[in-house]
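Just so it is clear, none of the values below were taken in a lab; they were calculated from the coordinates. Here the structure is a predicted model, which is why all the values come from computation and not from measurement. Backbone-built Cβ (ideal geometry, glycine too); neighbour counts: all protein chains shown.
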Amino acid sequence: MQYHVSFDISFLENTYNGQFIVLEGIDGSGKSTQKNIIQKEIEKKGKKTLLTHEPTREGHIGKLVHEILQSEVLIPLVGLQYLFAADRSVHQEHVLIPALQEGKTVISERCFWSAVPYGLADKEHTDYKNASESMLAAYSLLSMYNQFILPDKTFFLDVTPQTAVKRLAAMSKEKEIYEKKSKLEIIYQGYKFLLDKFPDQFIVIDGEASQEKITEAILSNL
Ligand SMILES: Nc1ncnc2c1ncn2[C@@H]1O[C@H](COP(=O)(O)OP(=O)(O)O)[C@@H](O)[C@H]1O
Ligand SMILES: [Mg+2]
């Protein structure tokens with residue numbers, strides 16, 4: 001049976017004193033690298049900062065998410081998406097809002113935007129051209145009945161899955177479940193879908209450039 005459902009989506013704006021900056025991109029796109037450099041540069045200007053990331057890897061839910069990503073605990077991927085959202089809600093209430101209230105500049109590796117490409121990648125054979133199906137999935141992941149705060153600036157570090165896979169292979173860390181090339185390709189398509197659907201929400205940075213150039217590009221957009 002088929003039904004048609006459509007609805008509007010609205011985002012929760014950041015009304016706190018602090019600025020909320022997010023780095024997005026596929027695994028290996030350089031988010032962690034830039035996060036630390038950007039923090040130092042912002043602190044040089046005398047601002048207080050908080051570095052954070054989603055998923056959190058802390059607390060009961062964050063630890064469980066980490067174990068699932070490392071394949072130490074196996075659950076259906078749809079369940080993982082709900083755990084991501086649960087972890088994100090804890091992160092928002094316990095970490096993000098208090099820091100923004102204190103006027104800190106929060107630099108986060110990932111936010112709710114990641115839920116769309118990663119969540120959709122779990123659905124095998126997702127057709128990104130079929131916007132209605134994609135958006136429906138996105139709506140349920142993005143809005144649920146809670147709203148996550150929209151970042152003031154979201155930087156998308158654009159690297160091809162090929163580059164990301166090469167970089168990840170050079171790192172000697174355990175592979176996570178989304179870090180396979182085939183998955184990264186679908187996730188990358190998911191980001192392209194987001195950029196197309198919400199163009200005003202992303203500042204696209206050439207993630208294949210040198211680290212210095214990338215830092216410069218981010219700082220010039222703050
Ligand atoms: N601009 C860049 N050029 C080349 N290699 C990079 C660049 N930025 C990061 N790297 C390297 O790529 C790997 C993945 O970077 P990382 O910051 O951990 O990515 P992410 O946090 O997005 O998964 C690391 O080994 C890092 O040193
Ligand atoms: Mg990282």
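See the values below:
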| quantity | calculated |
| --- | --- |
| Fluctuation leader among Asp200, Asp158, Asp122 - the chain, Gaussian network, Cα springs under 10 angstrom | Asp200 |
| Note, ³J(HN,Hα) from phi for region 201-207, Karplus 6.51, -1.76, 1.60, rounded to Hz, x at Gly and Pro | 8, 10, 10, 8, 10, 6, x |
| Ranked packing of 182-194, 59-71, 3-15, most packed first, by mean Cβ within 10 Å | 182-194, 59-71, 3-15 |
| 12 Å beta-carbon shell around Lys153, net charge (K/R +1, D/E -1) | -3 |
| Anchor Lys44: aspartates and glutamates whose Cα lies under 17 Å away (excluding residues fewer than 8 positions away in-chain) | Glu212, Glu216 |
| Listed residue pairs exceeding 28 Å between alpha carbons, taken from Lys45/Lys213; Lys63/Lys173; Lys104/Lys175; Lys47/Lys180; Lys45/Lys192 | Lys104/Lys175; Lys47/Lys180; Lys45/Lys192 |
| Sequence-distant lysines (8 or more away, or on other chains) whose Cα lies within less than 20 Å of Lys197 | Lys123, Lys129, Lys153 |
| FRET E, pair Lys40, Lys197, Förster distance 45 Å, beta-carbon r, rounded to 0.05 | 0.85 |
| Contact order normalised by residue count of the chain, Cα under 8 Å, 6+ apart, percent | 32 percent |
| Distant-in-sequence amide H partners of Thr105 (H built 1.01 Å from N, under 5 Å) | Gln19, Lys48, Thr49, Leu50 |
| Helix-only CD estimate at 222 nm, as mean residue ellipticity for the chain, using -39500 (n - 2.57) per DSSP H run (n ≥ 4) | -14000 deg cm²/dmol |
| Stretch gain in nm, segment Ser6-Glu58, where the contour uses 0.36 nm per residue and the Cα spacing is subtracted | 15.1 nm |
